[in-house]
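Read-outs throughout are calculated quantities, based only on the coordinates presented, and are distinct from any laboratory measurement. Remember, predicted model here, so these are calculated numbers, not experimental data. Here the Cβ is made from the backbone with ideal geometry for all residues, glycine too, and neighbour counts use every protein chain on show.
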Amino acid sequence: MIGPTGQAATTVKVTSLRGRGTGTYVGAGAISATGSAAASNQCDELSGLGNITGAGSKLIFKVVTSASSQGCAAGTSTPTSVSVKGVAKVTGGSGKYKGVSGTLSFKGSFNVTSNTAGSSESDAFNATLTGTLTIKS
């Protein structure tokens, strides 16, 4: 946000992540997620929805909102790195993931360099997802 006198914001809120990569089971694919955190502390709970697509299939998930699903900024001002970790409940899928259920744990990090209201950044987002999925036939 821009302050009333045109000054830079004192908080930064990340509302979406998008990326491309390669996974063991999905192959080449993309991940996207939207959500929010309160941006009132250096560490805040995460919530939101996301999906992973690749090879004609989609895995849909929802972040389990709790103290264990959070985003934490390394510093109190930009530039800074942000680490995310938590649990996501798989809520559905298509293609080879039709009828899927399960839970994924995730952890990752990215950098934030700007605190300009409404700005968009492009940075590497490194993430690891682990868990067990059950596919109903």
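Laid out as a table, the results:
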quantity	calculated
Charge context of THR134, other residues only, Cβ under 15 angstrom, K/R +1, D/E -1	+4
Interchain or long-range residues, amide H under 5 Å from SER47's placed H	SER36
Built amide H within the under 5 Å cut-off of GLY23, gap 5+	ALA28, GLY29
Given charges at beta-carbon only (K, R positive; D, E negative), |dipole| of segment 16-135 in Debye	500 debye
Integer Hz, Karplus 6.51/-1.76/1.60 couplings in order for segment 106-120, x for Gly and Pro	9, 8, x, 7, 7, 10, 10, 10, 10, 10, 7, 4, x, 6, 10
Phi to ³J(HN,Hα) by Karplus 6.51 cos²θ - 1.76 cosθ + 1.60 over segment 18-25, Hz, x for Gly, Pro	9, x, 10, x, 10, x, 4, 9
